[in-house]
Structures are given as structure tokens and as C-alpha cells.
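**Q** Got a structure for you, written out below as C-alpha cells; questions coming shortly.
The values are calculated or read from the model by the stated rules, or taken from the named source; none is laboratory data. Being a predicted model, the structure only gives us computed values, none of them experimental. Cβ atoms come from the backbone with ideal geometry, glycine included; neighbour counts cover every protein chain shown.
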Amino acid sequence: MLKKILAIVIVLCFILTGCSPTNSNISQSTSGSAPKSADPVNSTQASTSSGNSTSRRGDDVILIGVSTPLTGLAAQIGEMFQNGLIVAAEIANENGGINGKKIEYIVYDDQASPEGSLKAITRLVEQDKVDGLMNFNGTNVLSTAHIAQAAGLPMAHASSNPLMKGTEYDILIQGTGDAGFNQETLVRTMVEEVGAKRVAIISSGTDFGQSLSKTGHNALKDYTIEIVADEIYQGGDTDFTGQLAKMIAGNPDAMLFNGISSEIPIFLKQARQMGYTGYIYNAEGGANNDAMDIAGDAATNLIFSAACILPRDIKDSMNDEMTVALERYVNKFGEMPPNECYFRGYDAAVLLFEVLRTAPDITSHEDIANAILGIKGFKGTHGVYDFSAGKGVGLVKSSIFIIKDGKPVPFDKSKLPF
């Protein structure tokens with residue numbers, strides 16, 4: 001069974017620090033069962049093709065190396081990323097593998113630490129001789145992408161950080177939407193649809209939060225709007241009352257929160273407790289049911305943008321790919337995933353498999369880069385991916401939702417309460 005921990009405990013997957021990967025006790029299994037603890041594991045998978053891919057070890061296995069947090073404060077979301085790979089691997093193995101080769105994987109616990117991820121990725125490349133890489137959060141991806149680039153290895157990841165599309169790396173594969181695009185869509189909705197005139201902004205000091213802040217400020221330049229407060233907090237903060245006092249004093253008709261979903265329940269509760277009853281906006285924040293459950297009634301009238309949301313029931317899936325992913329998850333783990341990081345891991349995995357399937361030579365950097373560019377019209381749980389424009393970003397799609405009665409519903413201007 002999955003760990004049942006409060007989302008409030010998994011604060012800040014993008015900035016957490018921790019120990020290096022637990023590399024000293026490597027266990028390997030081809031059973032396909034979900035790994036336990038932080039030990040590296042591998043599992044079989046498959047996918048069909050007639051390509052000529054040859055693994056880096058020259059055998060009949062395609063080996064995937066993963067860096068993700070499995071212990072520490074970010075364990076639950078890191079586990080969901082890993083479970084996305086596990087499910088995608090099982091489905092692919094049932095359909096023939098990657099060009100007839102069995103997929104196995106090794107997972108190292110990086111505890112969401114850039115230093116831990118650096119050690120994990122280095123070991124996966126230099127010692128384990130993997131054929132492809134997966135990494136969870138943006139800071140860790142940016143800290144390790146140079147290793148993948150030098151080795152010519154594709155690295156699929158779960159980060160929506162807008163900084164990703166500004167890198168020089170041609171081996172990155174983003175398995176989710178771009179938060180910068182979500183932010184731009186959110187700002188347009190806030191101003192053009194809802195009619196905000198006075199905005200109070202609060203942003204995390206992390207790379208992710210500051211990137212969202214920059215994108216939001218740039219988008220707001222297109223409008224005649226007053227920024228009445230522009231506050232900052234540090235990742236892991238649980239007391240926003242000081243910043244909120246300044247924000248509320250500015251008499252805003254909108255609040256823009258630039259942080260991640262595990263932080264927003266705390267902010268929402270404190271904002272409502274301090275008397276703010278207006279709309280609060282956040283890119284991606286309402287997409288995770290666990291965060292909204294913690295926020296409770298305080299989440300009402302949270303307006304957020306996201307490429308996809310986690311339904312509470314399989315029948316409410318956004319597309320066929322999501323239905324398949326959820327059915328397999330429930331069959332394997334006995335319950336619905338607690339957050340949408342599962343979809344990020346799933347999409348990152350299937351995109352990585354597609355690159356390894358279509359590249360004529362998976363040991364060739366050029367072939368890998370071209371295979372990434374060649375992904376167009378590829379359906380995932382988040383939507384249809386197209387990487388032909390380069391920069392490793394394949395999904396520029398965003399929908400707007402508002403929380404009503406504890407659930408995200410599609411935004412409809414005509415049904416706004418005020």
C-alpha cells in the first residue's frame with residue numbers, strides 16, 4: 001500500500017536538501033513489483049518496434065536510471081513519479097519491449113537534494129551504464145543535465161519549471177506541461193476574464209517560484225494593473241501571516257501565489273483566516289486532490305491553471321491515456337494515486353521509451369536528439385506532445401479551473417460568484 005502522509009509534510013519538492021543516494025546497498029529485481037525503501041531496483045517492461053537500438057552494455061536489456069526522492073519530506077511525490085515508471089514499464093513490456101528488448105530500471109533515492117541527484121546520475125551513467133535517465137524535480141534536473149548531455153543520454157523529467165525551456169541541452173524531455181505557459185494563461189484569465197485591477201503577489205524564493213514570478217510580472221506588463229504588494233517567502237515556510245498582512249493592507253481584488261501545490265493549503269487557510277475572501281490564483285496548485293483536501297473550505301474560489309488534473313474517479317479521466325494509466329495503477333496498488341505526480345512519471349517514462357524506440361542508434365547523441373525532435377502528435381495523460389520546436393518542451397496546453405465544493409471545475413466566467 002502507498003504511504004498515507006499528509007501533503008503538508010511533503011512541502012517543497014523543488015528545494016528540499018538531504019543526504020546523498022543510498023547507493024551502498026543496491027538490490028535488483030525483475031519481478032516488476034513496486035520497490036520498497038530507498039534501495040535501487042529494476043523491473044521489466046516492453047514496447048514494439050523494428051528499430052536497431054543496441055544497449056550500452058550490448059545485451060538484450062534497455063536499462064533506465066532514475067533519480068527521485070523516496071525518503072525524506074518529498075517521499076510521497078517522488079514515489080508517485082517512480083510508480084508512473086513502474087506502470088508504464090509493465091504496459092510496455094506486455095507489448096514487446098523497446099525494439100524487442102526488455103526494459104529494466106534502477107531507482108536511486110536522492111531525497112530531493114541536488115547533491116544527492118548529482119551523485120545518483122553520475123553513478124547511473126558511469127557505473128550502471130544506463131541507456132536513458134529520468135529525474136524528478138527542476139533543480140535536480142538543472143544540476144545534472146550536463147552529465148546527460150556529455151554522455152548523449154536522454155533525460156526525461158517531471159519538472160514544469162519555466163527555466164527548462166531556456167537551457168542549451170538537447171537531451172531533455174519534459175513529461176508534463178510548462179508552468180510558464182500556465183502562468184501566462186492564468187494572468188490573462190485573472191485580468192481579462194475576472195477583471196482584476198489590484199493584485200497582491202507572493203512568491204517562493206526557489207528557482208521555481210522566482211521563475212513563475214518573473215513570468216507573471218512580464219505578463220502583467222501588458223495590462224494597466226496595480227501591483228499593491230510583492231512579497232517573498234522561503235521554501236518550507238509555514239507562516240505567511242507577515243506577508244499576508246502587507247498584501248491585505250493593499251486592498252487587493254486578486255492574490256497571485258507563486259509556489260507549489262503542497263504549500264498552497266497553508267497559504268489558503270491563513271489568507272481566509274485573516275479575512276481575505278477574494279480570488280486567489282496559482283499555476284497548477286489545485287491539480288492535486290490531497291492538497292485541496294487539506295485546504296478544505298479555504299480552497300473555495302482558488303483559480304488555477306494546469307495541463308491536467310487528477311480526477312477523483314477513473315470515469316472522470318480527461319482522455320483515454322489517463323484512463324489506462326489510472327486503471328493500471330488501481331489494479332496494481334489498490335487505490336487512486338494521491339497526486340498528479342504519478343501522471344508526470346508515467347508520461348516521462350512513455351516519452352523516454354518512444355525516444356529509445358525510434359532512435360536508430362541509442363548510443364548516438366545526434367540520433368537521440370533527433371528522436372526527441374521527432375516526437376509529434378504523441379498522446380500522453382497530460383495531452384498531445386510535440387517536441388519538434390526543440391528545447392525539450394512538448395506540451396504548451398493549459399486549462400483554467402476553479403475550486404467549487406472541494407472540486408476543480410472548468411472555469412466559466414458566467415458562473416463566477418462575484
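**Q** Report the residue count in segment 384-418 for those that are closer than 30 Å to Ile314 by Cα, in contact with a helix residue (DSSP H, G or I) (Cβ under 9 Å, 6 or more places away or on another chain) and touching a residue at least 40 places away in the same chain (Cβ under 8 Å).
**A** Looking only at that region, the number is 20.
**Q** Let me ask something else about it. Taking the conditions exactly as written (assigned by TED's automatic domain parsing to the domain that holds Phe81, within 29 Å of Glu263 (Cα to Cα), in contact (Cβ under 8 Å) with a residue 40 or more places away in the chain and of a type in the set (D, E, K, R)), does Asp361 satisfy them or not? Write out each step before concluding.
**A** On the way: assigned by TED's automatic domain parsing to the domain that holds Phe81: yes; within 29 Å of Glu263 (Cα to Cα): no; in contact (Cβ under 8 Å) with a residue 40 or more places away in the chain: yes; of a type in the set (D, E, K, R): yes.
Taking the combined requirement at face value, the residue does not satisfy it.
**Q** Restricting attention to segment 114-138, report how many residues are out of contact with any Leu (no Cβ under 7 Å at 6 or more places or on another chain), at pLDDT below 95 and buried (at least 24 other Cβ atoms within 10 Å of the Cβ).
**A** 2
**Q** Does segment 355-374 hold any residues that are touching a Ser or Thr at 6+ places or on another chain (Cβ under 8 Å) and not in a loop (DSSP other than H, G, I, E, B), and which are they?
**A** Leu356, Arg357, Thr358, Ala371, Leu373
**Q** Just wondering, is there one or more residues in segment 368-389 that are assigned by TED's automatic domain parsing to the domain that holds Ile98, under 29 Å from Ala295 (Cα atoms) and not small (Gly, Ala, Ser)?
**A** Checking segment 368-389: at least one residue is assigned by TED's automatic domain parsing to the domain that holds Ile98, under 29 Å from Ala295 (Cα atoms) and not small (Gly, Ala, Ser).
**Q** Quick one: what pairs do we get from segment 266-292, first residue more than 19 Å from Met190 (Cα to Cα) and assigned by TED's automatic domain parsing to the domain that holds Gly209, second assigned to a loop (DSSP other than H, G, I, E, B) and among the acidic types (Asp, Glu), C-beta under 8 Å, 6+ apart or different chains?
**A** Gln270/Asp239; Asn288/Glu340
Let's see how each residue does on (1) acidic (Asp, Glu); (2) within 22 Å of Lys391 (Cβ to Cβ); (3) not assigned by TED's automatic domain parsing to the domain that holds Gly132:
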site	(1), (2), (3)
Leu153	no, yes, no
Glu168	yes, yes, no
Ile171	no, yes, no
Ala196	no, no, yes
Thr206	no, yes, yes
Gly209	no, yes, yes
Gly216	no, yes, yes
Ala219	no, yes, yes
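**Q** Considering only residues that are under 16 Å from Gln210 (Cα atoms) and in a loop (DSSP other than H, G, I, E, B), look in segment 253-288 and name the one that is farthest from the chain's Cα centre (by Cα).
**A** Among those residues, the one meeting the criterion is Glu263.
**Q** Ok, one more. Ala369 is checked against (1) free of Cβ contacts under 8 Å to residues at least 12 places away in the same chain; (2) buried (at least 18 other Cβ atoms within 10 Å of the Cβ) and fails just one. What number does that condition carry?
**A** (1) is the only condition that Ala369 fails.
**Q** Against the conditions (1) without any contact (Cβ under 8 Å) to a residue 24 or more places away in the chain; (2) within 24 Å of Ala88 (Cα to Cα); (3) of a type in the set (A, V, I, L, M, F, W, C), where does Ala150 fall short? Just the number, please.
**A** (2)
**Q** Please tell me if Ser305 is buried (at least 24 other Cβ atoms within 10 Å of the Cβ), small (Gly, Ala, Ser) and out of contact with any Lys or Arg (no Cβ under 9 Å at 6 or more places or on another chain).
**A** Details: buried (at least 24 other Cβ atoms within 10 Å of the Cβ): yes; small (Gly, Ala, Ser): yes; out of contact with any Lys or Arg (no Cβ under 9 Å at 6 or more places or on another chain): yes.
Yes; evaluated as a whole, the condition is true for this residue.
**Q** Which of the residues belonging to segment 75-125 are over 25 Å from Lys332 (Cβ atoms) and of a type in the set (Ser, Thr, Tyr)?
**A** Result: Ser113, Ser117, Thr122.
**Q** Scan segment 375-399 residue by residue and report those that are part of a loop (DSSP other than H, G, I, E, B), hydrophobic (A, V, I, L, M, F, W, C) and in contact with a Leu (Cβ under 9 Å, 6 or more places away or on another chain).
**A** Residues of segment 375-399 part of a loop (DSSP other than H, G, I, E, B): 375, 380-383, 387-398.
Of the ones still in play, those that are also hydrophobic (A, V, I, L, M, F, W, C) are 375, 387, 389, 393, 395-396.
Those that are part of a loop (DSSP other than H, G, I, E, B), hydrophobic (A, V, I, L, M, F, W, C) and in contact with a Leu (Cβ under 9 Å, 6 or more places away or on another chain): Ile375, Phe387, Ala389, Val393.
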